[in-house]
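Take a look at the structure set out below.
The values are calculated or read from the model by the stated rules, or taken from the named source; none is laboratory data. On a predicted model such as this, the values are computed, not experimentally measured, just so you know. Virtual Cβ from ideal backbone geometry, glycine too; neighbours counted across all protein chains shown. Surface areas here come from the heavy atoms of the whole protein model, side chains and all, with no ligands, DNA or RNA. Shrake-Rupley method; radii C 1.70, N 1.55, O 1.52, S 1.80 Å.
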Amino acid sequence: MCKTSGASPAIQLLILLCLLLGWHTPSYCQMSPGPLSKAHQNLEGPLSCAKCHAFGAGRAEFKCLDCHQEISRRLASHRGYHALQVKAGTKSNDCARCHSEHNGLEHQIVRWPSSREKFDHQQAGFRLEGKHAQLKCDECHNSKYLDPLDRAVLKRANPGASYAGLNSRCSACHRDVHAGQFPGSCLDCHSQSSWKNPPNFSHAKTKFVLTGKHAEVACADCHKPKDHTAGSPIQFKDFVNFQTCTGCHKDPHANSFGANCERCHSTTSWKQMTTGTQFDHSRTRFPLLGKHADVSCQSCHKNDALQGLPQFSLCINCHRDPHLGQFSEQLAGTDCKSCHDESSFAKSSYNVAQHSQTAYPLIGKHATVACSECHFKKGEQTQFKLTFAACTDCHKDAHEGQFAAAPYFNKCDSCHDLNGYQPSTFGAFQHDKTKFALSGAHAAVACSGCHTPNKEQTKFHLEGGQCIDCHKSPHGDLQATLTCEGCHKTASWQETLWFDHTNTKFLLTGRHTAVRCLSCHQPVTLAGVRIVPFATTSRQCESCHEDIHHGQFRSANADQVICAECHTANDWRPTQFDHNVHSDFKLDGAHADVPCRLCHDRQQIAGKLVITYKGTPRECSKCHK
């Protein structure tokens, strides 16, 4: 390698030219101090000096870390052997302290402090202990376990031969059999001596401390694989609800006492009750209430407390039935607590809500009636099962038989409810089922408008049923041939849109369908009575419309204008007029394209401007010159 650090740029250029031309005169330029090692053999030659040496700094500067980025990464992160050996701030210059070059092709640039086998691995930042201390170097330092980031920057032909590139994390070499359940370090539980029976693990540090019988259970009895597939990880976290015993154990009490087993049991023994436990009988099927709370345990539990439980499903298991079997067939059977409680038998707890479960629920005013007004007190002979099939069993018929026949049969609830006899619940919906359904404005009429109140003499079955029975006709004798429903709705007397005009001699088509009825049927007053005419209304167009043609198309006898030959009710424009059919002058040739106004001009007739059709000249000379 040339010593050119103090030469000027011109001299450096001259030396480079000498090298390129093959001038090797030793007296002019001193070459490299010696051949490079095999590891750096590819850098041999005068043109490669600058790849390892920095020139112009006034002192020796090296670029080792520019190539050996795997070492640079470890120095930057302060890990590995070099992070402990390289002096801070020296960068690549401190590399030569351990690694020398230009000592020949066979020179080993990696020098071990003692020997590789006796190397103190703690100096690399990872102490070899337990099973790790028994491994050979090559079992870990090979390409299989290289850090991917280091592998990417290693320039060795055989990256596995490098002693850099390993990571101290357990998962870098070992598979995480816990599948990420424990994000911390493996050494929190395990050691390098043995994987099984982790010496650092203590169940007392978890959310579930093992006490009593739990401490004797094998780990595998609780911690099982997630599924049955091969290699499925053992579950250690969040796989069971250990907040309650029922997360693992079946509740032999079927939740009768809730999920808090510790109230009576401990982990020491299931069968042995906790010392000092005050058993809560209210959590059983038979809570001790009232007088029962004063009874000693031995009076009912003759044997062991957990065996031979007495039967208390029915009161008659211990008590006599004072009602002589009146309630034996009901849902409650002979369970006295449906009416009585343990505080006192004499005072019944039976209420309106319970009465609603019988065949006759107490609703409305009935709920305010005292029990004794229906169930007369006679001691054990008091009758509780009474006959109340119909209202008239207790109440008088206020309508004197008007509703005794079908379909009512004196069923008062068809019109009344138990909240009060008045007002009646009979409405338009029920009225629609009678011979006279209420529709339209009739539905808004008060009942008294037709059924005049007269106490018990009020009539509900009325005669008639025709409109004229209540309403006066404004059409005179028209009702003799037509009923009111033929034209009117009950919603409104003036509403006639639904009248079917097709049943008349004048069908409504086109624009006529949008015309108001009174526009054609205009009211007249005869003998002081306002009448709307219908049958006498003219069907001729000119009776309603002005003849804008001023009689040009009036019929031969002059009694009507025949508009329909050219016009329709859909549009006034003569859409039906055909010059070749409706006139004696056929439009042929160029005449067919001539606008109507060029032949039919306007004339003043009787003070009005009228388009002339009849009398238009036929001679060519009249129009053409």
Looking at H190, H174, which is the one that is within 49 Å of the chain's Cα centre (by Cα), exposed (fewer than 13 other Cβ atoms within 10 Å of the Cβ) and of a type outside the set (F, W, Y)? H174
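Given the structure, is T575 surrounded by 11 or more Cβ atoms within 10 Å (Cβ to Cβ) and not hydrophobic (A, V, I, L, M, F, W, C)? Quick ask: steps written out before the conclusion?
Details: surrounded by 11 or more Cβ atoms within 10 Å (Cβ to Cβ): no; not hydrophobic (A, V, I, L, M, F, W, C): yes.
Answer is no for this residue.
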Counting just the residues of region 507-565 that are in a helix (DSSP H, G or I) and open to solvent by 80 Å² or more (accessible area, probe 1.4 Å), which one comes out modelled with the lowest pLDDT? E565
Give me the pairs: first residue in region 24-49 and aromatic (F, W, Y), second residue modelled with pLDDT under 85 and in a helix (DSSP H, G or I), beta-carbon distance under 7 Å, and six or more apart or on different chains, which are they? Y28/C18
Scan region 126-145 for residues that are open to solvent by less than 60 Å² (accessible area, probe 1.4 Å) and closer than 22 Å to G160 by Cβ and jot them down. H132, C137, C140, H141, N142, S143, Y145
The one condition in (1) in contact (Cβ under 8 Å) with a residue 40 or more places away in the chain; (2) in a loop (DSSP other than H, G, I, E, B); (3) open to solvent by 50 Å² or more (accessible area, probe 1.4 Å); (4) closer than 30 Å to V529 by Cα that H442 fails to fulfil: (2)
Please find, among T458, T452, T382, the residue that is β-branched (V, I, T) and either open to solvent by 70 Å² or more (accessible area, probe 1.4 Å) or under 57 Å from the mean Cα position of the chain (by Cα) (or both). T452
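Residues checked against (1) among the charged types (D, E, K, R); (2) in contact with a helix residue (DSSP H, G or I) (Cβ under 8 Å, 6 or more places away or on another chain); (3) at pLDDT 90 or above; (4) under 19 Å from W112 (Cα atoms):
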| position | (1), (2), (3), (4) |
| --- | --- |
| L135 | no, no, yes, yes |
| D150 | yes, yes, no, no |
| L154 | no, yes, no, no |
| N158 | no, yes, no, no |
| A164 | no, yes, no, yes |
| R169 | yes, no, no, no |
| A172 | no, yes, no, no |
| G180 | no, no, no, no |
| P183 | no, no, no, no |
T392: in a loop (DSSP other than H, G, I, E, B), farther than 25 Å from E463 by Cβ, among the hydroxyl-bearing types (S, T, Y) and open to solvent by 50 Å² or more (accessible area, probe 1.4 Å), yes or no? no
A careful count of residues in region 395-433 that are over 27 Å from H375 (Cβ atoms), open to solvent by 80 Å² or more (accessible area, probe 1.4 Å) and aromatic (F, W, Y) gives 2
Given (1) open to solvent by 40 Å² or more (accessible area, probe 1.4 Å); (2) not in a helix (DSSP H, G or I), number of the condition H82 does not satisfy: (2)
Scan region 483-506 residue by residue and report those that are small (G, A, S) and not in a helix (DSSP H, G or I). A491, S492
Inspect all residues belonging to region 105-115 and state whether any of them is open to solvent by less than 80 Å² (accessible area, probe 1.4 Å), at pLDDT 80 or above and touching a Pro at 6+ places or on another chain (Cβ under 9 Å). yes
